[in-house]
Every structure is written in structure tokens, then in C-alpha cells.
Amino acid sequence: MTPRNAHARPNAVVIGAGPGIGFSTARRFAIEGYDVGLVSRTEPRLRELAARLSGDVRVDGEVAYVAADAGEGTALRNAILELEERLGPTDVLVFCPLPDVDLIKPVLDTTADDLVSALTLGVGGATTAVSTVVEGMLERRHGSLLFTTGSGATQPSSDRAASAVATTAAAAYFRLLRDALRPSGVNVAHLTIRGAVGPGLRHEPDAVADMLWDANRDPGDGFPGLGLG
């Protein structure tokens, strides 16, 4: 694959590109003039989402995708690097994979393996994604790292123990990341979503995408300063 030239469009890479938040966010950035790269576990779904994006009359940039599990470090890193070969250095990273629904269980039924699995995706995956793109962002003194989670860190529930633990750890990582990168010109934003997301549900995917776009465009000084309640 041929790297893009220095005058090409900016690009956004969406990790966890499902039909909800991931697709809406990719679409919003594409409409705003970005090339977009999509990563999720299922190639047929990625192919379908990419075709929908490419067929949108308001999208005239490139859409690329690579299948990878965000909880598998080597596969995720390779997927991002493959997208960068095609689209160029990542300008915006959006990390929004859905948690594993099989881990939704009460605290007394939650095992050590359950917690490790939740942390591997929510914290390990985010860290792998960041470490893959942040060096280039620091060199350019520009870029955005955008994350979404549920409300486990702010409203922990004993019925959703793995989510509470993983989201609390992830929120701490995002805060530390923002503190470390604040002087560099690299933006970090964490959007906490309280309630269900989907068409006709508490939060529309397009509304989440709008907030992520706003966080990229106008970072502001507050943290965690984003939330959908």
C-alpha cells in the first residue's frame, strides 16, 4: 500500500467500529473531510459499514478497514499500522469498543478471569492503541485521542462489577494521559455515557458522534468534562 502524501486529508481511526457509536462517529468525521479507518472483530460487518460510508453522498474521502480484536494487543497494533500505511499518520484516534456482555454479572459471581478480560479490553486495548499512534502525534504536536465508556466509574453497580472495575481503571488512565500530554498539543477526551445507546434509546449514536467531534474540534480545559446523562 502507498502512504498518503503530506498534503492529503486528515484521517480518523475508529477502534470498535460497530453499527452504533463507531459508525456514527466515522460518518461524522468523514462528512467533515476526514479519511476514516475502521477496526472491529468482524470483517463482514466492517465490509458492510465501509460500503455504507462510501455510498453516502456527503462522504468523498477514503474508507479503509482491518479486522482485529481490540483486546489482542499485537493484532490491534498491526491493524492500526496497516491503516496508517494506507491513510497516513493518525490524526484522530477514537476508542469505543463495546464491553463483553458475558461479563455483566454480580460482584460475587465475578471471577478474577472476568476482571482480567474486562481490563484487557478497556485498559489494555486503549493503551495499545495510544502507544501505536501517540509518537507521531507528539512529533507533529497535533492530534486527538478520544475515548468512550459507560458510567461504571461514576455510578458503580454491584450487578456490573467487571464494568465498574474496568471503567474506573480506564478513567484513571485517560486522566493521567491527558495530564501527561497537556503541554504537547495532543488532545485527550473521555466521554462517559450513562444509559443505553441506539436508535430510539436514551442516546442516539449521532448525538454521541457530535460530542466526540466537538471534543476534537474544541478540546477545552475540563476533564473529565464530557458526559451524556
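We did not get these values from a lab; they are worked out from the coordinates using the rules stated. Not measured: the values here are computed from a predicted model. Cβ sites come from the backbone with ideal geometry, for glycine too, and all protein chains shown count toward neighbours.
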**Q.** Spin-label pair THR111/ASP159, simplified geometry with 7 Å Cα→Cβ offset, distance in nm
**A.** 2.4
Q: Provide the per-residue ³J(HN,Hα) series for region 166-175, in order, calculated from phi with Karplus coefficients 6.51, -1.76, 1.60 and θ = phi - 60°, each as a whole number of Hz, with x at glycine and proline positions.
A: 5, 5, 4, 5, 5, 4, 5, 4, 4, 5
Q) Taking the Cα atoms of region 46-111, what is the range of coordinates along each of the three principal axes, in descending order and whole Å? A) 51, 27, 19
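So what are the chain's ellipsoid semi-axes, whole angstrom, largest first, if each one is the square root of 5 times an eigenvalue of the alpha-carbon gyration tensor? Spell out each step's value before the answer.
Details: eigenvalues 143, 73, 61 Å².
So the equivalent ellipsoid measures 27, 19, 18 Å along its semi-axes.
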Q) Quick one: net charge of GLU43's neighbours, Cβ under 14 Å, K/R +1, D/E -1? A) 0
Q: Go through region 130-145 residue by residue and turn each phi into a ³J(HN,Hα) via Karplus (6.51, -1.76, 1.60, θ = phi - 60°); whole Hz please, and just put x for glycine and proline.
A: 4, 5, 6, 10, 6, 4, x, 4, 5, 5, 8, 6, 6, x, 10, 10
Q: Please list the non-local residues whose amide H lies under 5 Å from the amide H of GLY18, H modeled 1.01 Å from N, same-chain partners needing a gap of 5 or more.
A: PHE23
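When a/c is below 1.5 the answer is rounded, else prolate if a/b is larger than b/c, else oblate, so apply that to region 4-79 with a ≥ b ≥ c taken from the square roots of the Cα gyration tensor eigenvalues.
oblate
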Q) How would you classify region 43-158 from its alpha-carbon gyration tensor, with a ≥ b ≥ c the square roots of the eigenvalues: rounded for a/c under 1.5, else prolate if a/b is greater than b/c, otherwise oblate? A) prolate
Q | the chain: angle of helix 43-54 to the longest principal axis, Cα-based, in degrees nearest 10 | A | 50
Q. Residue by residue, what Karplus-based ³J(HN,Hα) values in Hz, rounded to whole numbers, does region 183-195 have, using 6.51, -1.76 and 1.60 with θ = phi - 60° and x for Gly and Pro?
A. x, 8, x, 9, 8, 10, 9, 10, 9, 8, 10, 9, x
Q | Relative contact order of region 1-158, defined on C-alpha pairs under 8 angstrom at six or more residues apart (%) | A | 25
Q) How large is the dipole of the chain about the Cα centre if only Lys and Arg carry +1 and Asp and Glu carry -1, each at its Cβ, rounded to the nearest 20 debye? A) 320
